[in-house]
There are 2 protein chains.
Amino acid sequence: MEKLTLGHGTGGRLTADLIKSFSSQFGEALTGKELEDCSMITSDMAITIDGFTVSPRVFPGGDIGKLAVCGGTNDLAVRGAKPLFLAMSIIAEEGLDQEELLSYGRSAASVCLEIGAKLVAGDTKVVPKGAADGVFITLASVGKTENPLGMSRIETGDKIAVTTSIGRHGATIGALRYDLSVEGLKSDCAALWPLLGPLAKMEGIKAMRDCTRGGLGTALCEWAEGIGKGIEIDESSIPMDQGVLSVCDILGFDPLHLACEGCAIVAYRPDQEDRVLSALRSHPLGIDAAAIGKVVDGHPGMVGMNTASGGMRVVDMPIGEVLPRIC
Amino acid sequence: MEKLTLGHGTGGRLTADLIKSFSSQFGEALTGKELEDCSMITSDMAITIDGFTVSPRVFPGGDIGKLAVCGGTNDLAVRGAKPLFLAMSIIAEEGLDQEELLSYGRSAASVCLEIGAKLVAGDTKVVPKGAADGVFITLASVGKTENPLGMSRIETGDKIAVTTSIGRHGATIGALRYDLSVEGLKSDCAALWPLLGPLAKMEGIKAMRDCTRGGLGTALCEWAEGIGKGIEIDESSIPMDQGVLSVCDILGFDPLHLACEGCAIVAYRPDQEDRVLSALRSHPLGIDAAAIGKVVDGHPGMVGMNTASGGMRVVDMPIGEVLPRIC
């Protein structure tokens, strides 16, 4: 059987296949058909888990501690679940500076205070030098919702908005890794609950999803495949930061596949568009929100993009390695 | 500030200090005063998290997949909480055999089926070759109890039993690591819910704790310090396996500090001793259960052991490295 490749960690097609194979080993011990990002464990409590291995561990806009709490709780926020309880597991390499580790604790704590979540359980392992690179953080998050949003509510004709300009986290890490200096570029790393919590309760909101590994393109593909409908987006309407475009030009990345860590897509009933966009734009995390496309009956399971040059391009999940250890 | 050492990962004194420093960074964002192994998140649901980095990943008596579910859910079982929902995060090294990873899924699944727990959420990250050694698994477990046990119930005069012979997991990993062949020695790795679930409901049961990293000695010290009372144990009453003693003789380990993964201590009202011991011994995981000591008013916060040679020895948590990557 095949060996794991970095492509299995990009959040794209290979990751999806790997998770499917791994889940299938659990048979009756699995809830649902496949491992989910986020699952209900009582009538009103949802749980999610995420591992963070980002390198470098400190980057413009955040660090691995902030990223862990943002990334971990954003999976809850997009279901309309208020993040309440966090359990954090740390795997650290011998020789790591203790003060560095504590600084990630402070970063994590400051996001907790912002969103009102509490750390309730933890674990620490130290492995010998060379057995891990620095520190990895895994965060399990439990949140509360009476009425979880989910993609099954999406219908043909629904519109899709993106909450902010795309690819900033991936471009920031890419620029650091390749030693590019791009003025003003920083990660979008942010906890989305303050933006999405109120939105989740608005009339006509169908589903939300955060764009993380694999970027906007992968999130849209997961919806199209999950609901068995087509999605059409307009390239010209997607908010993009000049710095992100520069990094993409130089390194040959597709902005649609670059990771975000404070960006979500929202599906809503078209008659609610003005209210949805104005609610998003009234929050600092959603100032650049834009309607980017719609759900269609054609090309089920596929995402098409009307390009700026007038053609139509198929948007797929990335297959190989985009940029390892982005989150 | 100091750098992390392997001693910070042994589960002993340095681990306790590290967790205290890390927790204190969270201030108001922390539930309670310190990070707990296991915390209540609703009136009847408890959560725990554990990272697993064991090396080698396959050992007599188990593998990292089985260990993750046993070790993760045992923290719930000792509180009397039935393990129900598991969230699993995998950090794997590029080049790992996919079939090997799937085999850990099957091992984990078989423990899930045994105890009736379900996998509800997951995450997979792949890091470049050399950035992690093989695979690390983190498991968050949620369980249900109406009446969580805890050390605060322990009183002077209560007796303490251990459920099985100690140090088998640590001795097994130590023997493998140092290439010793010890006939019949295998890890005690087991899910304790089937043994401890019924016990938790019995009259007079005060508290239970699984002995993992740091072994029986550390678990007893945590109780003595946590309740501010003394604990006295009798060396001759502690069940020990001949293979474990051989490994300790050769490698210079103290069996009291060797890790267990299917062993717990139980504190109970002395008039219940016969019922407690016979309940334990009626289950295959508790056949070797024995009463080993009692809670006393003297030497508060300290554990004393009446040695086989007639003296009294102070039992402390291990300070430096015992054996890295044991779990």
_Top-ranked residue in the stretch B:41-67 [being away from every other protein chain (no Cβ under 12 Å) and in a strand (DSSP E or B); ranked as surrounded by the most Cβ atoms within 10 Å (Cβ to Cβ)]_ = B:62
*Scan the stretch B:273-287 and give yes if some residue there is more than 24 Å from residue B:158 (Cα to Cα) and either of a type in the set (S, T, N, Q) or modelled with pLDDT of 95 or more (or both), otherwise no.*
yes
_Only listed residue being of a type in the set (D, E, K, R), open to solvent by 10 Å² or more (accessible area, probe 1.4 Å), modelled with pLDDT of 95 or more and part of a loop (DSSP other than H, G, I, E, B), chosen from A:155, A:183, A:146_ = A:155
*Can you name the strands (runs of 3 or more DSSP E) wholly within the stretch B:217-318 that have at least 1 residues being exposed (fewer than 14 other Cβ atoms within 10 Å of the Cβ) and free of Cβ contacts under 8 Å to residues at least 60 places away in the same chain?*
B:312-315
*Qualifying residue in the stretch A:73-85 (condition: facing another protein chain (nearest Cβ under 9 Å) and either in contact with a Phe, Trp or Tyr (Cβ under 6 Å, 6 or more places away or on another chain) or assigned to a strand (DSSP E or B) (or both))*: yes
*So which of B:140, B:161, B:108 is within 21 Å of the chain's Cα centre (by Cα), more than 7 Å from chain A (Cβ to nearest Cβ) and in a strand (DSSP E or B)?*
B:161
*Kindly provide the set of residues from the stretch A:116-131 that are among the aliphatic types (A, V, I, L, M) and under 30 Å from residue A:81 (Cβ atoms), ordered by number.*
A:117, A:119, A:120, A:121
*Considering only the stretch B:5-35, state which residues are touching a helix residue (DSSP H, G or I) at 6+ places or on another chain (Cβ under 8 Å), β-branched (Val, Ile, Thr) and assigned to a helix (DSSP H, G or I).*
B:15
*Is it true that some residue in the stretch A:115-133 is surrounded by 24 or more Cβ atoms within 10 Å (Cβ to Cβ), of a type in the set (Lys, Arg) and facing chain B (nearest Cβ under 7 Å)?*
yes
_Test set (1) without any contact (Cβ under 8 Å) to a residue 60 or more places away in the chain; (2) closer than 17 Å to residue A:78 by Cα; (3) of a type in the set (S, T, N, Q) - residue A:103 fails condition number_ = (2)
*Can you name every residue in the stretch B:4-35 that is open to solvent by 30 Å² or more (accessible area, probe 1.4 Å), facing chain A (nearest Cβ under 8 Å) and touching a residue at least 60 places away in the same chain (Cβ under 8 Å)?*
B:5
*Would the stretch A:171-179 turn up any residue that is touching a Leu at 6+ places or on another chain (Cβ under 8 Å), buried (at least 24 other Cβ atoms within 10 Å of the Cβ) and within 25 Å of residue B:16 (Cβ to Cβ)?*
no
*Hey, residue A:202 hits all of (1) within 20 Å of the chain's Cα centre (by Cα); (2) open to solvent by 10 Å² or more (accessible area, probe 1.4 Å) but one; which does it fall short on?*
(1)
_Checking the conditions here, which among B:38, B:70 is open to solvent by less than 50 Å² (accessible area, probe 1.4 Å) and farther than 15 Å from residue B:142 by Cβ?_
B:70
*Quick check: is even one residue across the stretch B:202-215 out of contact with any Phe, Trp or Tyr (no Cβ under 7 Å at 6 or more places or on another chain), assigned to a helix (DSSP H, G or I), closer than 14 Å to residue B:323 by Cβ and not assigned by TED's automatic domain parsing to the domain that holds residue B:116?*
yes
*Does any residue of the stretch B:178-192 turn out to be in contact (Cβ under 8 Å) with a residue 60 or more places away in the chain, over 25 Å from residue B:283 (Cα atoms) and not hydroxyl-bearing (Ser, Thr, Tyr)?*
yes
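The values are calculated or read from the model by the stated rules, or taken from the named source; none is laboratory data. Keep in mind that what you see is a predicted model, and the values were worked out from it rather than measured. Glycine also receives a Cβ, built like all others from the backbone with ideal geometry; neighbour counts cover every protein chain displayed. To get the accessible areas, we keep the full protein, side chains included, count just its heavy atoms, and leave off ligands, DNA and RNA. Shrake-Rupley method; radii C 1.70, N 1.55, O 1.52, S 1.80 Å.
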